[in-house]
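The values are calculated or read from the model by the stated rules, or taken from the named source; none is laboratory data. Predicted, not measured: the structure shown is a model, and the values here were computed from it. Positions of Cβ are generated from backbone atoms using ideal geometry, with glycine treated the same way; all protein chains shown enter the neighbour counts.
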Amino acid sequence: MTEPFPPSLLLTLCFAVALVLGLGLQFWLATRQIRHVAQHRGSVPSIFASTISLTAHQKAADYTIAKGRLGLLELALGAAVLLGWTLLGGLHALNQAVLAWQAPGLLAQLSLLLGFIALGTVIDLPLTLYQTFVLEERFGFNKTTFKLWLLDGIKSAVVGALVGLPIAALILWVMGATGPLWWFWAWAVWMGFNLLLLMVYPSFIAPLFNKFQPLEDETLKARVTALMQRCGFSAKGLFVMDGSKRSAHANAYFTGFGAAKRVVFYDTLLAKLSPDEVDAVLAHELGHFKHKHIIQRIVMMFAISLLGFALLGYLSDQTWFFTGLGVQPNMAGGNDALALILFMLAVPVFSFFLSPLSAQLSRKHEFQADAYAVAQTSGEHLAAALLKLYEDNASTLTPDPLFVKFYYSHPPATERLPRMTATTPAGTTP
């Protein structure tokens, strides 16, 4: 009789095949994007020829190509690091080092998590520095200094420790103390933590990194308030964030949850858009709330997280899950942190192939929010605002269509803007 195929070897093979296929697909898509943008660098798309200069178009192309090339390097490094942590035994070695220093238990598991995060941060550091101080600097977007960047990093580490360590300790305790259904209680803790974070982040965490001043332009404030009232929306306040302190990129967003919702404008956005255009951008964001996109995403996050925790609950009891990914579990128990880390490393390798579905849903939501904004304000103003943001953020107007379908959470300008000025009734959902 033939020996049954060992589950650990099957997992190793599946993981390796998925990693190679995913990496190959990502490299192929990235190189398609680079080639496509380079081929269309010489001329502005005809529908934008009267509003976008050739210089701005070529800057966007060069910026996209530079980011794409850096992305190829990040892909190669990420794959090497992933293999190092898993099949080449890096996580096993780190776990053994922690156990040589500390007895098995909650403290050792927290130390393993901290060590994993710290080493990952150090590995990512060179590319992070290059992106901020070389690539973004070259195209005129970086406004931060090394001192401010370092201070942000220290603040992030402190906030991460103060917030992350207690929730990590609680989840690890739940995993070890609540029996076979620990995954359900851990999921409930994790979801409760995320909802709490949505409420406290705007008031207590975000101000540690940026200044948020109440919107002082009374005329603009009156317009924005009237628009929100017309749309049946209320917020805790209207704020301007000093985004120009770190970057020339512009944006506006809603933050918070429930009664803690805030409307935040980057100061760079207000400097670039007219009041009519600000109205249109805000109406787009209101469209997401009107169509309940935020609630849908939260519900989806709840469902996916529940499935993830249930799967982790099963895998964490299987020795082949550890050995198949290059780790020898602790014979005395206390493998919860190991299971968490391995799960976080392995799942993206397989879930990557579902990326087009998520991107397609997001683009559908953007079209719906655009249609709502056109119904409430003006399609011409929304198109003009978005075109300014495309230009100021050096977003290419000629992305590769297949790259768009796989990655883009927002529709490209060539698909998005013509709908805003079409002769169909305003507010019609595409």
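Given THR64, THR2, which one is closer than 26 Å to PHE321 by Cα and either at pLDDT 95 or above or out of contact with any helix residue (DSSP H, G or I) (no Cβ under 7 Å at 6 or more places or on another chain) (or both)?
Of THR64, THR2, the one residue that is closer than 26 Å to PHE321 by Cα and either at pLDDT 95 or above or out of contact with any helix residue (DSSP H, G or I) (no Cβ under 7 Å at 6 or more places or on another chain) (or both) is THR2.
Given the criterion modelled with pLDDT of 95 or more and assigned to a helix (DSSP H, G or I), identify the matching residue among LEU107, LEU94, LEU99.
Being modelled with pLDDT of 95 or more and assigned to a helix (DSSP H, G or I) holds for just one of LEU107, LEU94, LEU99, which is LEU94.
Name the single residue that is surrounded by the most Cβ atoms within 10 Å (Cβ to Cβ) among those in segment 359-413 being more than 22 Å from HIS293 (Cα to Cα) and among the β-branched types (Val, Ile, Thr).
THR396
Can you say whether LEU13 is modelled with pLDDT under 95, part of a helix (DSSP H, G or I) and surrounded by fewer than 13 Cβ atoms within 10 Å (Cβ to Cβ), as far as the supplied structure shows?
The answer is no for LEU13.
Looking at segment 55-63, can you tell me whether even one residue there is of a type in the set (A, V, I, L, M, F, W, C) and touching an Asp or Glu at 6+ places or on another chain (Cβ under 6 Å)?
yes
Being part of a helix (DSSP H, G or I) and touching a residue at least 24 places away in the same chain (Cβ under 8 Å), is that true of even one residue in segment 325-334?
no
Is there any pair with a first residue in segment 203-216 that is touching a residue at least 12 places away in the same chain (Cβ under 8 Å) and a second that is outside any helix (DSSP H, G or I) and of a type in the set (Asp, Glu) whose Cβ atoms are under 7 Å apart and which are 6 or more apart or on different chains, and what are they?
ASN210/ASP242; LYS211/ASP242
Between a residue in segment 271-285 that is over 8 Å from ALA373 (Cα atoms) and any residue that is of a type in the set (Ser, Thr, Tyr) and crowded, with 23+ Cβ neighbours inside 10 Å, which pairs come within a Cβ distance under 6 Å, given they are 6 or more apart or on different chains?
Sorted first by the residue in segment 271-285, then by its partner, the pairs are ASP279/THR377.
Could you look through segment 48-84, keep only residues that are basic (Lys, Arg) and closer than 28 Å to VAL349 by Cα, and pick out the one that is farthest from the chain's Cα centre (by Cα)?
Among those that are basic (Lys, Arg) and closer than 28 Å to VAL349 by Cα, it is ARG69.
Restricting the first residue to segment 30-43 and requiring it to be in a loop (DSSP other than H, G, I, E, B), which pairs with a second residue that is surrounded by fewer than 20 Cβ atoms within 10 Å (Cβ to Cβ) meet a Cβ separation below 9 Å and a spacing of at least six or different chains?
ARG41/GLN58; ARG41/ASP62; ARG41/ILE65; GLY42/LEU54; GLY42/GLN58; SER43/ALA49; SER43/LEU54
Can you tell me which residues in segment 75-97 are surrounded by fewer than 18 Cβ atoms within 10 Å (Cβ to Cβ) and closer than 18 Å to GLN26 by Cβ?
LEU75, ALA76, LEU77, GLY78, ALA79, ALA80, VAL81, LEU83
Which one of VAL347, VAL404 is under 23 Å from the mean Cα position of the chain (by Cα), closer than 30 Å to ALA61 by Cβ, in a helix (DSSP H, G or I) and without any contact (Cβ under 8 Å) to a residue 60 or more places away in the chain?
VAL404
Determine, yes or no, whether LEU11 is over 22 Å from the mean Cα position of the chain (by Cα), within 12 Å of LEU325 (Cα to Cα) and aliphatic (A, V, I, L, M).
Yes; evaluated as a whole, the condition is true for this residue.
Of the numbered conditions (1) more than 30 Å from ALA16 (Cβ to Cβ); (2) in a helix (DSSP H, G or I), THR144 fails exactly one; give the number of that condition.
Going through the list (1) more than 30 Å from ALA16 (Cβ to Cβ); (2) in a helix (DSSP H, G or I), THR144 breaks only (2).
So in segment 303-320, with the set limited to residues that are loosely packed, with under 15 Cβ neighbours inside 10 Å and not small (Gly, Ala, Ser), which one is farthest from the chain's Cα centre (by Cα)?
THR319
Only one of LEU13, LEU23 is free of Cβ contacts under 8 Å to residues at least 40 places away in the same chain, farther than 30 Å from ALA385 by Cβ and not small (Gly, Ala, Ser); which?
Of the residues listed, the single one that is free of Cβ contacts under 8 Å to residues at least 40 places away in the same chain, farther than 30 Å from ALA385 by Cβ and not small (Gly, Ala, Ser) is LEU13.
Condition test on LYS155, is it of a type in the set (D, E, K, R) and within 21 Å of the chain's Cα centre (by Cα)?
So LYS155 passes the test.
Filter segment 269-278 down to the residues that are crowded, with 23+ Cβ neighbours inside 10 Å and either at pLDDT below 85 or of a type in the set (Asp, Glu) (or both), then identify the one that is nearest to LEU198 (Cα to Cα).
Among those residues, the one meeting the criterion is LEU269.
Tell me which residues, restricted to segment 175-194, are of a type in the set (Gly, Ala, Ser), surrounded by 13 or more Cβ atoms within 10 Å (Cβ to Cβ) and modelled with pLDDT under 95.
GLY176 - this is the single residue of segment 175-194 that is of a type in the set (Gly, Ala, Ser), surrounded by 13 or more Cβ atoms within 10 Å (Cβ to Cβ) and modelled with pLDDT under 95.
All but one of (1) within 30 Å of ILE171 (Cβ to Cβ); (2) surrounded by fewer than 17 Cβ atoms within 10 Å (Cβ to Cβ); (3) among the hydrophobic types (A, V, I, L, M, F, W, C) hold for LEU325, so report the exception by its number.
The number of the failed condition is (2).
Answer yes or no: is there a residue in segment 373-386 that is part of a helix (DSSP H, G or I) and farther than 30 Å from SER53 by Cβ.
Yes, some residue in segment 373-386 is part of a helix (DSSP H, G or I) and farther than 30 Å from SER53 by Cβ.
Is at least one residue of segment 106-119 under 25 Å from VAL174 (Cβ atoms) and surrounded by fewer than 14 Cβ atoms within 10 Å (Cβ to Cβ)?
Looking for residues that are under 25 Å from VAL174 (Cβ atoms) and surrounded by fewer than 14 Cβ atoms within 10 Å (Cβ to Cβ), one finds at least one in segment 106-119, hence yes.
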